[in-house]
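Throughout, read-outs are computed from the coordinates displayed, never taken from laboratory work. On a predicted model such as this, the values are computed, not experimentally measured, just so you know. Note: ideal-geometry Cβ built from the backbone for every residue, glycine included; neighbour counts use all protein chains shown.
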Amino acid sequence: MMTKAPFEAVVADHGATVLRVCRAVLGSHTDAEDAWSETFLSALKAYPELPAEANVRGWLVTIAHRKAIDVTRARARHAIPTADLPERAGSDLEPPDAAVWRAVRSLPPRQREVITYRYLGGLDYATIAELTGGTAAAARRAASDGLTSLRAKGAAVTLGIDE
Amino acid sequence: MTDSTGLPDNTELADLADTTEMRDKLPELHARLEREAAAAGLLDVAYRLLDSPVGQLLLATTPAGLVRVAFSADHERVLSTLAERISPRILHSPKALDEVSGELDAYFAGRRTTFDVPLDRRLSHGFLGQVQHALSDIPFGTTVSYGQLADRAGNPRAVRAVGTACATNPLPIVVPCHRVLRSDGSLGDYAGGIEAKRLLLDLERP
């Protein structure tokens, strides 16, 4: 029988990946942190029942997907209708990859989701289709379209005409 | 790099996100998880490492009390054993061990002779467990022989088992197996190494 790793090892191995996924899906750093915390708390609760040979990263990304939806719904309930919140002020505070992340976030939701789960979460297209609906082939196409426009934005960033 | 679909592979996108800001954020999120897990009753085992004169110690506690003290030999294996025998819901959570850490620091500084934290003795079973419980009655600054301890545990002929009980004591230092010597006065074995045993005995010498 395989011995299950202490949960600490799960957090150490996958904490960064889950945070990337939450940020890519949710955008707002605060919301992403809430989703990260909810994901690991929920994972901790279910962890003793997880089969020792399970794909832990896939499992976590699946939970993160559900928690991101919860956070989005909670935000919608509490939204102030007139407020169109500005981007976080102070571009000097932004991490160096901010432009890339803005590009990811500017993708249509479907493409953004698929790209995030495929390339950050490492899920295969069949699993992504189960999570987000549609077929594996459609998920693959969405990822391909998303990457095409990311490449275009990347070029735009390089040329300095991204803003 | 591209895979068969002509798409960039995982690392290309993932590396872009691996910023300093993110690495700084994770410890903060970890601390929040520790707090929320404890509040939700989901933190079955909390642990931390503590530097001491006998090397780096691993301290682990359950909600019931201190459950494991381990010398630096192989902390990863110790955690795996705790995952198997108690629960895999284990987090590095130093705050949960503040009290015992303070008591150990005071002990090593010569300011404390007993430990007051509650103990979770679930890792002590059977006759070995009886011996390990009897260890707690050996006062600071005194020693007994393996034979005397066998007597106290109710089986004078079980000297070898007493040796095993001391060697497998899950709570060394706090449960003072270092106060048990061979009948000829030589030190005998110690999980933390003979030097550690000597240091502890010297520390307790009046």
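Laid out as a table, the results:
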{"quantity": "Least to most buried among A:V71, B:V159 (fewest other Cβ within 10 Å first)", "calculated": "B:V159, A:V71"}
{"quantity": "Taking B:Y146, A:Y117 and counting other C-beta atoms within 10 Å, the order from fewest to most", "calculated": "B:Y146, A:Y117"}
{"quantity": "Fewest-first ranking of A:V21, A:V11, using other Cβ atoms within 10 Å as the exposure measure", "calculated": "A:V11, A:V21"}
{"quantity": "Two-decimal Rg/Rh across chain B, once Rg and the Kirkwood Rh are taken from alpha-carbon atoms", "calculated": "1.12"}
{"quantity": "Summed side-chain charge close to B:S72 - residues other than B:S72 whose Cβ falls under 13 Å, Lys, Arg +1, Asp, Glu -1", "calculated": "-3"}
{"quantity": "Mean Cβ neighbour count within 10 Å, used as a protection proxy, ranking B:57-69, B:39-51 highest first", "calculated": "B:57-69, B:39-51"}
{"quantity": "Kirkwood Rh, Cα atoms: Rg over Rh of the protein assembly as shown", "calculated": "1.13"}
{"quantity": "Debye intensity ratio in log₁₀ form over the Cα atoms of region A:1-85, taken at each q of 0.21, 0.24, 0.26 Å⁻¹", "calculated": "-0.93, -1.14, -1.28"}
{"quantity": "For the protein assembly as shown, cysteines whose Cβ has no other cysteine Cβ within reach (under 4.7 Å)", "calculated": "A:C22"}
{"quantity": "Rounded to 5, the percent of DSSP beta bridges in chain B classed as antiparallel", "calculated": "65 percent"}
{"quantity": "Share antiparallel - DSSP beta bridges, the protein assembly as shown, percent rounded to 5", "calculated": "65 percent"}
{"quantity": "Calculated SAXS-style log₁₀ I(q)/I(0) at q = 0.15 Å⁻¹ - region B:41-122, Debye, Cα scatterers", "calculated": "-0.50"}
{"quantity": "Net charge over other residues, Cβ less than 14 angstrom from the Cβ of B:R182 (K, R count +1; D, E count -1)", "calculated": "+2"}
{"quantity": "Number of partner chain Cβ atoms within 10 Å, mean per residue of A:136-144", "calculated": "1"}
{"quantity": "Theoretical ellipticity at 222 nm over the protein assembly as shown - DSSP helices of four or more residues, -39500 (n - 2.57) apiece, nearest 500", "calculated": "-16500 deg cm²/dmol"}
{"quantity": "Local net charge near B:R85, Cβ-Cβ under 14 Å (Lys/Arg +1, Asp/Glu -1)", "calculated": "+3"}
{"quantity": "B:D24-B:R182 FRET efficiency (beta carbon distance; Förster radius 51 Å; 0.05 resolution)", "calculated": "0.45"}
{"quantity": "Kirkwood estimate for region B:126-204, i.e. one over the average of 1/r between Cα atoms, Å", "calculated": "12.1 Å"}
